[in-house]
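To keep things clear, I will list the structure first and then write my remarks on it.
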Amino acid sequence: MIFIGIDLAWTYRNETGVCVMDADGRVEFLDAAVYSNEDILDIIMDYTDGPVMIAIDAPLIVNNESGSRGAEGELMRSKIHGHRLFAFNSNRAFLTRAFGDIRGETLMNHIIQSVPGIRIGFDNRASNIVETFPTGICCGLFPDKHPIRYKKKRKMTFKETCGEMDRLTGLFKEMEAEGRVQDLIEKIDWDLRSATRKSHKHLEDKVDAFLCAYGMYNIYTGAAEEKMFGSIEEGFIILPIKNE
C-alpha cells in the first residue's frame, strides 16, 4: 500500500502540498508547488502499480447548495481525546462563488477516472480516496501536544506561529528517531532562524500533506482507529484516533 496525502489549494494559483509514503513509513516524496490537477494526477499515477490510499484535505463530496454538510456539524459536536475542533462549513454556492470550482470534487473525479478500481471511503484492501483534516489528525494522533497552532492565525504573531511550527517539527524529529517515520526531516527543510512568511507557508502545505498521508498510514497499520464523520453519500471526513 502507498499513502498519498494532498493538501489541496482552494484555487489553481496557490501551492498544493503532496506527500507519498510507503507501507514502511518512509516518505518517498514531499513537496509543495502550484500544481494543476493534471500535475497531481501525474504524481499519483507514478505510484499505482499497487493499491494506493489517497487522503485529501479539501471537501470532496458537497451535495448541499447552502448551509453546511453533516460531516462538519458532526465533527464539531464531537470531542476527540476531550478536545473540540472547528471545521470550515462547506456548500456548493460559496465554494463556486469564491473559488470558481469545487476543486476537491473535480480532482476526485479525475482520480476515479484514471485509477482502476479506486473506491471512495477507507478500505485497507484496495485503492481508495478519502477526505481528511490535518488539525483533526494532530488532535487524534498527538492529543498530549494539542493544540499545535502552526498555521497563521489572526490573533497570533508570526513569531508565535513559527514557534509552534518548530514545536511540531521537533515532534517529527522524535518520531523519526523512534522509527515511526523515515526520511521525513531531510524533506522538511525548516530553520526557525531564517523563517519568512513565504517559507513558513510553503512548509505548512508540506506538513499538511504529510499529516494526511501519515494519518491514513496509522489507521492502516492499526496504530489508530478510523473515525468517520458524515456519510460517503453526503460528504465525510475521516480521522485517525490514536489507540489508548
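The values are calculated or read from the model by the stated rules, or taken from the named source; none is laboratory data. The shown structure was predicted, so the numbers you read here are calculated from the model rather than taken from an experiment. Counting neighbours? That spans all protein chains shown, and the Cβs are built from the backbone with ideal geometry, glycine included. The accessibility values were calculated without ligands, DNA or RNA, using every heavy atom of the protein model including side chains. Shrake-Rupley method; radii C 1.70, N 1.55, O 1.52, S 1.80 Å.
Taking segment 81-107 as the range and being open to solvent by 10 Å² or more (accessible area, probe 1.4 Å), within 20 Å of the chain's Cα centre (by Cα) and within 25 Å of Ile241 (Cα to Cα) as the test, the residues that pass are His81, His83, Arg84, Leu85, Phe86, Phe88, Asn89. Taken together, the criteria place Gly179 among residues that are assigned to a loop (DSSP other than H, G, I, E, B) and either within 19 Å of Met216 (Cα to Cα) or more than 18 Å from the chain's Cα centre (by Cα) (or both). Here Met45 meets each of (1) modelled with pLDDT under 95; (2) more than 25 Å from Ala98 (Cβ to Cβ); (3) open to solvent by 50 Å² or more (accessible area, probe 1.4 Å) with one exception, condition (1).
Of the residues making up segment 190-244, just one is of a type in the set (Ser, Thr, Tyr) and closer than 19 Å to Ser90 by Cβ, namely Ser231. Checked against the criteria, Ile188 does not count as of a type in the set (A, V, I, L, M) and farther than 13 Å from Met165 by Cβ. Would you confirm whether or not segment 204-219 contains a residue that is open to solvent by less than 30 Å² (accessible area, probe 1.4 Å) and touching a Lys or Arg at 6+ places or on another chain (Cβ under 7 Å)? So far as segment 204-219 goes, yes, one or more of its residues are open to solvent by less than 30 Å² (accessible area, probe 1.4 Å) and touching a Lys or Arg at 6+ places or on another chain (Cβ under 7 Å).
If you go through segment 176-195 and pick out every residue that is open to solvent by 60 Å² or more (accessible area, probe 1.4 Å) and closer than 17 Å to Arg149 by Cα, you end up with 1. Of all residues in segment 9-25, those satisfying the criterion of being part of a loop (DSSP other than H, G, I, E, B), farther than 19 Å from Tyr217 by Cβ and touching an Asp or Glu at 6+ places or on another chain (Cβ under 7 Å) are Ala9, Glu15.
Within segment 17-32, the set of residues being in contact with a Lys or Arg (Cβ under 9 Å, 6 or more places away or on another chain) and either among the charged types (D, E, K, R) or open to solvent by less than 20 Å² (accessible area, probe 1.4 Å) (or both) comprises Gly17, Val18, Cys19, Gly25, Val27, Leu30, Asp31, Ala32. Taken together, the criteria place Tyr35 among residues that are under 23 Å from Thr135 (Cβ atoms), of a type in the set (Phe, Trp, Tyr) and open to solvent by 20 Å² or more (accessible area, probe 1.4 Å). Remark: pairs (first residue in segment 227-244, under 11 Å from Gly215 (Cα atoms); second residue of a type in the set (Phe, Trp, Tyr) and surrounded by fewer than 23 Cβ atoms within 10 Å (Cβ to Cβ); Cβ separation under 6 Å; 6+ apart in sequence or on different chains) = Ile238/Phe122.
Flag not set for Glu164, criterion: in a helix (DSSP H, G or I), open to solvent by 40 Å² or more (accessible area, probe 1.4 Å) and either closer than 25 Å to Asp24 by Cβ or free of Cβ contacts under 8 Å to residues at least 24 places away in the same chain (or both).
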